[in-house]
1. What are the ³J(HN,Hα) values, in whole Hz, obtained from phi via the Karplus relation 6.51 cos²θ - 1.76 cosθ + 1.60 with θ = phi - 60°, for each residue of segment 34-41 in sequence order, with x given for Gly and Pro?
2. To the nearest 0.05, what FRET efficiency results for ASN20 and ARG63 with a Förster distance of 35 Å applied to their C-beta separation?
3. From largest to smallest, what semi-axes in whole angstrom does the chain give when each is the square root of 5 times an eigenvalue of its alpha carbon gyration tensor?
4. Compute a Gaussian network model of the chain, connecting alpha carbons closer than 10 Å, and tell me which residue from THR47, THR56, THR33 fluctuates the most.
5. Treat each spin label as a single point 7 Å out from the Cα along the C-beta direction, and report the GLN71 to THR56 distance in nm.
6. To the nearest 10 degrees, how steeply does helix 54-71 sit against the main Cα axis of the chain, on a 0 to 90 scale?
7. Need one number: nm distance between label points at LEU37 and LYS2, each 7 Å from Cα along Cα→Cβ, rounded to one decimal.
8. Report the Cα-based extents of segment 1-40 along its three principal axes, largest first, to the nearest Å.
Amino acid sequence: MKYTKYQDLHYHVSAVQRDNARWDAFYEILQPTDTGLKKVRTYQVQTAYGFESRHTALDDAERNARADIEQGIVRFH
């Protein structure tokens, strides 16, 4: 699994195909610790009908992950 470092956090994006051949997107935010990376939270990118392609789903998930990190939306547990 590839994690991308952005500012002080890391994130990972993924896409899952639905039964109707559309795609759902997810992103996971991780915080660096002394022992590695700790998962902060996994988010689903909300769409009513899903994305038309895997590429579109991944792009949108990445855009959302970066925006959440920039805006400080990520909540640490």
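The values are calculated or read from the model by the stated rules, or taken from the named source; none is laboratory data. This one's a predicted model, so the numbers in the text were calculated from it and none came from an experiment. Here Cβ is always computed from backbone atoms with ideal geometry, including for glycine, and neighbour counts include all displayed protein chains. The accessibility values were calculated without ligands, DNA or RNA, using every heavy atom of the protein model including side chains. Shrake-Rupley method; radii C 1.70, N 1.55, O 1.52, S 1.80 Å.
1. Each residue of segment 34-41 in turn: 5, 9, x, 10, 10, 5, 8, 5 Hz.
2. On the way: r = 23 Å, r/R0 = 0.67.
The pair ASN20/ARG63 has a calculated efficiency of 0.90.
3. Square roots of five times the eigenvalues give 24, 12, 10 Å.
4. THR33
5. With each label point 7 Å from Cα toward Cβ, the separation is 2.2 nm.
6. Once rounded, the angle reads 30 degrees.
7. 1.2
8. Ordered largest first, segment 1-40 gives principal extents of 43, 18, 15 Å.
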